[in-house]
There are 2 protein chains.
Amino acid sequence: MDKFTMEEARSHRVGPDFSLADVDPTSTPGFEWDKEAWEREFHEHDAELDELQEKLYANGRSKVPGTGAVLLVLQGMDTAGKGGVIRHVFNAFDPQALKIKAFGAPTAEERSHDFLWRVRPHEPAVGQIAVFDRSHYEDVLIQRVRHMAPPEEIERRYDAIVEFEREMASRNVRIIKVMLHISQDFQKQNLIERLEDPDKHWKYNPGDLDERELWDEYQEAYEIAMKRTSTDFAPWYCIPGDRKKYARMAVKYLVLDALRSLNMSWPPANFNVELELERAKKS
Amino acid sequence: MDKFTMEEARSHRVGPDFSLADVDPTSTPGFEWDKEAWEREFHEHDAELDELQEKLYANGRSKVPGTGAVLLVLQGMDTAGKGGVIRHVFNAFDPQALKIKAFGAPTAEERSHDFLWRVRPHEPAVGQIAVFDRSHYEDVLIQRVRHMAPPEEIERRYDAIVEFEREMASRNVRIIKVMLHISQDFQKQNLIERLEDPDKHWKYNPGDLDERELWDEYQEAYEIAMKRTSTDFAPWYCIPGDRKKYARMAVKYLVLDALRSLNMSWPPANFNVELELERAKKS
């Protein structure tokens, strides 16, 4: 039996010696490809996940002191599969406790503020699970590659991001940052697929090919960003993305890991249970 | 084979002669109880729903003129099953296109504004499906029952609500308003269940029993509110709620009906497909 373990999911963590070139986007470490095994492992912990997310929501609702939250940051080149991860990992989650926020190109108003200004309002509240589909990292990725900000401002942002995330983590927000790492070939195949299927034309943007021409520059920007901002309280995970299902499984396990680490109980009653039971029965 | 039809779902619509007392909360009109048939009918249109919601999202993202949206308003007495409807009807939906908003007791700031002030920011954007867990109707339900606003202000609100919803509908927002109608016995049983299970204590609020004492007043307020505000563009549906699964099925079909009525196509390409395909292949 092929098991997918938490150790495998965690093994994608970006450390100080990280080199993006060493990660094979087509690999599926810790898991031999087998559809049946995949289905089983993907859903293996669904009941536990279900309970954990309800506990998180319950603790938030009940304002239990110390209740945490989860933030998943998803980054990747175009067609890396961010939408698919959100859809497949989270559609078993209770939609009430989820906050999905997609960050597009900043508006004129957003550009007139510090880069974190538009991000802060979307921090997860206690008891919430927030997912960023792209994020404040765009401000050190496309902005670096496209020289949209001076080098010293980009430099400043790495540290500002670490401080921003440190502050969130200090309020018990578990932060998981994932780069879905795909190969150039895989992207090409995905773009062609979108162009060949009229039902998918809406997903295609001619600008995607312009960014694709800067592939190497983006890889460099990703590597630097991940190395500079992968911390104990907000680690980066670089997950091979060419096998979409593998990536979805790894992300699901990382979310499970984060939820488990919150060590939650059900909120205690803040009323006299016996008395209320008596009242209810008489009502 | 027992089929659940759209006609059955629509039959719960509140018309001018509506009487809440005539609706049996334990009934399951149009559907004999059978677990297997239920499973089948509940998931019967999942593939179509999936495509419709993706189309809606796609049209919104592509800014196709005339793209609509969906708003589902959920109301009901405590323990009526609003959370369960959200969870079971919508967890097959792509979480990216969903906006769930729960309205609690208004804050001091919210109370200092018109009752619709806090609601307007949560109108669905084009391409979105919004769900209100409680809503602006609380301002003519609890506020009427508890005399929290003068009678003439309550009167004014019915018309203000109709105008508010008319304006939304004129922007192609399909509005579905659902009262999950449960019996007093069913509520009692639910409250006792919450009290007897420590894992559910967080769902219980001693205030629920206080509201329960005003059951008849609430039924009256619901009937008046539904009759005054059930319009062609924003109809109310009073759905029997004691059989939770029946209620979830009826709501699911109403959402499907609303999505179908938007008559959507996939957004057309706003670029030269042949040219882009050539570029992609060379890239």
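The values are calculated or read from the model by the stated rules, or taken from the named source; none is laboratory data. Just so it is clear, the structure is predicted and the values come from calculations on it, not from any experiment. Note: ideal-geometry Cβ built from the backbone for every residue, glycine included; neighbour counts use all protein chains shown. With ligands, DNA and RNA removed, areas are computed over all heavy atoms of the protein, side chains included. Shrake-Rupley method; radii C 1.70, N 1.55, O 1.52, S 1.80 Å.
So what is the 222 nm mean residue ellipticity for the protein assembly as shown from helices alone, if each DSSP H run of at least 4 adds -39500 (n - 2.57) and you divide by all residues, rounding to the nearest 500 deg cm²/dmol?
My calculation for the protein assembly as shown gives -13500 deg cm²/dmol from helical runs alone.
Between chains A and B, what is the buried accessible area summed over both chains (1.4 Å probe, protein heavy atoms, nearest 100 Å²)?
4200
Averaged across orientations, what area in nm² does the convex hull of the alpha carbons in chain B project?
18.9
Normalise the Cα radius of gyration of the stretch A:1-111 by 2.2 N^0.38 Å (N = residues in it) and let me know the number.
Output field value: 1.33.
Shape of the stretch A:57-139 from its Cα gyration tensor (a ≥ b ≥ c, root eigenvalues): rounded if a/c is under 1.5, otherwise prolate when a/b > b/c, or oblate?
Oblate is the answer for the stretch A:57-139, as a/c is 1.5 or above yet b/c matches or exceeds a/b.
Counting Lys and Arg as +1 and Asp and Glu as -1, what is the net charge of the other residues whose Cβ lies under 15 Å from the Cβ of A:GLU54?
Neighbour charge sum, excluding A:GLU54 itself: 0.
Run the quick spin-label model on B:ASN263 and A:ARG166: label points 7 Å from Cα toward the beta carbon, then report their separation in nm to one decimal.
5.9
If I take all pairs of Cα atoms in the stretch A:211-259, what percentage of them are more than 12 Å from each other?
More than 12 Å apart: 72 percent of the Cα pairs in the stretch A:211-259.
Stick to Cα atoms and the Kirkwood definition of Rh, then tell me Rg/Rh for the protein assembly as shown.
Result for the protein assembly as shown is an Rg/Rh of 0.98.
Going from most exposed to least, what order do A:TRP33, B:TRP266 have by accessible area with a 1.4 Å probe?
If we order A:TRP33, B:TRP266 from most to least accessible, we get A:TRP33, B:TRP266.
How far is helix A:244-260 tilted off the main Cα axis of chain A, in degrees rounded to 10, range 0 to 90?
40
Which residues' amide hydrogens lie under 5 Å from the amide hydrogen of B:GLY68, considering only partners 5 or more residues apart or on another chain, with H built in the peptide plane?
Result for B:GLY68 returns B:GLY127.
For the protein assembly as shown, what is the accessible area per residue in Å², given a 1.4 Å probe and the full set of protein chains?
Accessible area per residue, the protein assembly as shown: 45 Å².
So which of A:LYS3/A:LYS252; B:LYS3/B:LYS244; B:LYS99/B:LYS200 end up more than 21 Å apart, counting from Cα to Cα?
B:LYS99/B:LYS200
Where the accessible area of chain A is counted over protein heavy atoms with a 1.4 Å probe, how much of it, in %, is carbon and sulfur?
48
Counting only DSSP beta bridges with both residues in the stretch A:6-282, what percent are antiparallel, rounded to the nearest 5?
Of all bridge pairs located within the stretch A:6-282, approximately 5 percent are antiparallel.
Sequence gap at least 6, Cα distance under 8 Å: using those rules, report the relative contact order of the stretch A:1-160 to the nearest whole percent.
24
Mind pulling the angle between the C-alpha long axis of helix B:273-282 and the longest principal axis of chain B? Nearest 10 degrees, somewhere in 0 to 90.
Orientation of helix B:273-282: about 70 degrees from the principal axis.
Would you work out the relative contact order for chain B, in percent, from Cα pairs under 8 angstrom that are 6 or more residues apart?
Worked out over chain B, it gives 33 percent.
If you take the alpha carbon radius of gyration of the stretch A:96-215 and divide it by 2.2 N^0.38 Å, what ratio comes out, to two decimals?
After normalising by residue count via 2.2 N^0.38 Å, the value is 1.23.
Report the accessible area of A:GLU155, computed with a 1.4 Å probe over the heavy atoms of all protein chains in place, in Å² rounded to the nearest 10.
80
List the aspartates and glutamates whose alpha-carbon lies under 18 Å from that of A:LYS282, not counting same-chain residues fewer than 8 positions away?
Partners within reach: A:GLU274, B:ASP78, B:ASP185, B:GLU193, B:GLU196, B:ASP208, B:ASP210, B:GLU211, B:GLU213, B:ASP216.
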